[in-house]
Amino acid sequence: MMEAGTLSGRYELGDRLGSGGMSNVYRATDLILERTVAVKILAEHLSDDERFVARFRREALAVAKLIHPNIVQVYDTGIDEARHFIVMEYVEGRSGAQILQRQGPFTPETAAEAGIQACAGLDYAHRRGIIHRDVKPGNLMVVGGPVGGGPMTVKLTDFGIARAIAQTRITQVGSVVGTAAYLAPEQVRGEEATPATDVYALGVVLYQFLTGRLPYEGSTLAELAVRQQNERPLPPSTYNGDVPETLGGAVLRALEGDPARRYASADELAGGLQLALRGEDVTLPLEEGESATAVLGGEEATRRLDQTEHTELRPPSPSRRPVARAPQHEPAAPAPAPHAAPAKRSAFSRFARFVLAAVALVLIAAAVAAAVILATDQATGVKATEVAGDSVDRVVEEFKELVQKNTE
């Protein structure tokens, strides 16, 4: 349905700036303050959920208190003829997702600067008790720099929306919220979001900014989950030789699966990026028995991106092909063994490996279901709960096939 006219007698709607499963966003004029604003009108299936609307308005009011140059300011929220809306600062720029789609990866310096600015906004919010929960390229607005030249400003948007959705019946299939590829391992396990989970998500974003790829990918949801559990990302320089090893190391530290080895705060990540730009090594030593690059099934740890919201990039052009490939090792010859027991243990460990992955896969199913609801770059006419249920069923079936294939 095309929105038109004026909201609450104050906000005169203009061109539609974007649309998605959650909302439509319009350029509008505040007739009282005589300024241009952005108005986000909630989708009908969200507006019909009273509990969501109540929580959304409370979150919007909390976020309205965040006044920072690296956060899109929330001005107002209200309802007009069953249309629930939120009024925000109008940003004359493009999202990180749009830049990646149109122009490809950022230069290392620009990616680092974008990360440092995003960290400033996140740290400000974290110190006030607000976790973003949905950091991804589509929620980073970029003004200047790769968009129009000159000084660059990065602004985080959509604070609080993920939390509002997490606490309503819309996510009854699970409690994990966020686009699947950006979820920290502890979120996949169902643990509470913390500043460190936002740091992980921003690490995924920075990896994309540098390489045009996600650190973990898979052709199926089940494969993606198994990769996240069993692999370490390849250094960004594997795909972009212009990325300094020190900068890649800072990004990989943000992607550590163990929160104790990850940057504990956005401020720490910003400091790591600054040190890396000066050529200082910020990586932590590997733990005993840990390899720098783990490869599952002899395949690369990352692949080309699909054209979906959580892989919102085009495939790399030939000019951006990886300059160095992950070593493809032939399976090592088995060491001589005096007894048959090692072979049995190998079969058992392989089976156990996939059984243990079941827990992660069930939880990632919930994450993906929530991701469908949160996707804002593509419109959808299907009810969110129906899509969520289909996603869960599909992950379960994929897992069954995966276990059968690897235990035969």
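Each reported figure results from applying straightforward, stated rules to the coordinates on display, with no laboratory input. Not measured: the values here are computed from a predicted model. For neighbour counting, all protein chains shown are included, and Cβ atoms are generated from backbone atoms with ideal geometry for every residue, glycine included.
Given charges of +1 on the Cβ of Lys and Arg and -1 on the Cβ of Asp and Glu, with all other atoms neutral, how large is the dipole of the stretch 6-89 about its Cα centre, in debye to the nearest 20?
Details: 11 positive and 13 negative charges, 56 e Å.
Dipole of the stretch 6-89, to the nearest 20 debye: 260 debye.
At ILE67 and ASP258, where each label point lies 7 Å from the Cα along Cα→Cβ, what is the point-to-point distance in nanometres?
Label-label distance for ILE67 and ASP258, simple model: 4.4 nm.
Within the stretch 42-75, whose backbone N sits under 19 Å from a point 7 Å along Cα→Cβ of VAL143?
Residues 64-75 fall inside that zone.
Amide H of VAL37 versus every other amide H placed in the peptide plane: which residues, excluding those fewer than 5 positions away on the same chain, fall under 5 Å?
Hits under the 5 Å cutoff: ALA28, THR29, ASP30.
Sorted by mean Cβ packing within 10 Å, highest first, what order do the peptides 276-283, 245-252 take? If you can, show how the numbers build up before the last one.
Numbers: 276-283: 14.6, 245-252: 23.2.
Result, highest mean Cβ count within 10 Å first: 245-252, 276-283.
Let me have the relative contact order for the stretch 6-89, percent, based on Cα pairs under 8 Å that are six or more residues apart. Before the final figure, lay out the partial values.
Values: 141 pairs, mean separation 20.2, N = 84.
Relative contact order here is 24 percent.
State the Cα centre-to-centre distance between the stretch 55-109 and the stretch 228-252 in whole Å.
Cα centroid to Cα centroid, the span is 29 Å.
What is the distance, in nm, between label points placed 7 Å from the Cα along the Cα-to-Cβ direction at THR107 and at ARG58?
The answer from the label model is 4.7 nm.
For GLU191 paired with GLU245, estimate the spin-label separation in nm (one decimal), with each label point 7 Å from Cα along the Cα-to-Cβ line.
Each label point is offset 7 Å from its Cα along the Cβ direction, giving 3.1 nm.
Residue by residue through the stretch 266-280, what is 3J(HN,Hα) from phi via Karplus (6.51 cos²θ - 1.76 cosθ + 1.60, θ = phi - 60°)? Round to whole Hz and write x for glycine and proline.
5, 5, 5, 4, 4, x, x, 5, 5, 5, 5, 5, 8, x, 8
For the stretch 232-237, just list the computed ³J(HN,Hα) in residue order, Karplus coefficients 6.51, -1.76 and 1.60, θ = phi - 60°, integers in Hz, with x standing in for Gly and Pro.
So the Karplus estimates, Gly and Pro as x, are 10, x, 6, x, x, 5 Hz.
For the stretch 1-156, calculate the relative contact order in percent as a whole number, restricting contacts to Cα pairs under 8 Å that are 6 or more residues apart. The partial results should precede the final answer.
On the way: 243 pairs, mean separation 27.6, N = 156.
Relative contact order of the stretch 1-156: 18 percent.
Assuming 1.306 mPa s and 10 °C, estimate D for the stretch 6-89 with Stokes-Einstein, Rh taken as the Kirkwood radius over Cα pairs, in µm²/s. Numbers along the way, then the final one.
Details: Rh = 13.1 Å.
D, rounded to a whole number, is 122 µm²/s.
Starting from the amide H of THR77, placed 1.01 Å from N in the peptide plane, find each other amide H under 5 Å away whose residue is 5 or more places distant or on another chain.
Under 5 Å from the amide H of THR77 lie the amide H atoms of VAL87, each far enough along the sequence or on another chain.
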